[in-house]
Every structure is written in structure tokens, then in C-alpha cells.
Amino acid sequence: MSPNLLLVIIVGVLFAAGVTLLLERNLTRVILGITLMGNGVNLLILLGGTYGGPPIVGLTAEPAMSDPLTQAMILTAIVITLGMTAFLLAMAYRSWLLTGHDDVQDDVEDRRIMRRAERDQGLEDEDAPEPEAATQGEPR
């Protein structure tokens, strides 16, 4: 059985909105992005499952049963999403208490490493001979 096109579009929209919100620097938007992506994963797992009768052997005459693994995976994904949401809510609350906002700031050490890399890149460019100076002494 092929998945419903509307459900596939909904999964795509949930993933796109989740990724867009995850790329923000505001922790509240990151929490919403994790939640949307978690719901998109749950729907995606549900779409990939097999359809059939009840997963109890002997209730129907045909041997085809539905796969209970998809239900177990969705329940596990719900628990993981809930744990991530609780952790991010605790981080956002702590950030709000310490700084008064929940924006993620640049790390001072990251900025120092970036300046050092830019300085090292500039030194390598200065050591290289300029193309005009290399051709000035040669006859044409």
C-alpha cells in the first residue's frame, strides 16, 4: 500500500519548518524545531510501516499481520523527543535566569580560535611571492 500524498507533504513541511527553527539562535525556537522534527519523524515512521490485520495470531484467517515494530519505534521516538524538549527547556530557563534572554551567544574561545585562524591564513598569503614580482626579472 502506497502512502498518502498529503501525509508525505505534511512530513516534508514538518521537517522543513523544524530545520529552519533549529538554525535560529533563540532557544525557544530551537525547542519548537525539535518538537516539529520529532513529530515529523513519528509520522515518517508511521508511513513506512506495513498495514494488515491485528498483530495477534489466530484472530483472522489470513496470515498477514501488522508490524508492531512501528508502534514501538514511534513510542520510543516520543519518549526521546520529550526528553530532549525537557532538557532544552531547562537550558532555556537557566539561560533566562542568568542573562535575561535565551539567545545563544558566541563562545569567547571560538572567536579567539577564529581570529587566530584568520591571522595564520593572512601570514601564509604574505609569505607567498606575488605573481608580478616573480615575472619582473625574466626577459619577455
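The values are calculated or read from the model by the stated rules, or taken from the named source; none is laboratory data. Remember, it's a predicted structure, so these values are computed and weren't measured experimentally. Cβ coordinates were reconstructed from backbone atoms using ideal geometry, including for glycine residues, and neighbour counts include every protein chain displayed.
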Looking at segment 1-17, which of its residues are surrounded by 14 or more Cβ atoms within 10 Å (Cβ to Cβ) and either without any contact (Cβ under 8 Å) to a residue 24 or more places away in the chain or small (Gly, Ala, Ser) (or both)?
Ala17
Yes or no: segment 111-119 includes at least one residue that is under 26 Å from Leu14 (Cβ atoms) and at pLDDT 85 or above.
no
Go over the candidates Thr20, Thr28 one by one and state the one that is among the hydroxyl-bearing types (Ser, Thr, Tyr), surrounded by fewer than 15 Cβ atoms within 10 Å (Cβ to Cβ), within 17 Å of the chain's Cα centre (by Cα) and part of a helix (DSSP H, G or I).
Thr20
Which residue pairs have Cβ atoms under 7 Å apart, sit 6 or more places apart or on different chains, and have a first residue in segment 90-116 that is touching a residue at least 12 places away in the same chain (Cβ under 8 Å) and a second that is among the acidic types (Asp, Glu)?
Ala92/Asp102; Ser95/Asp102
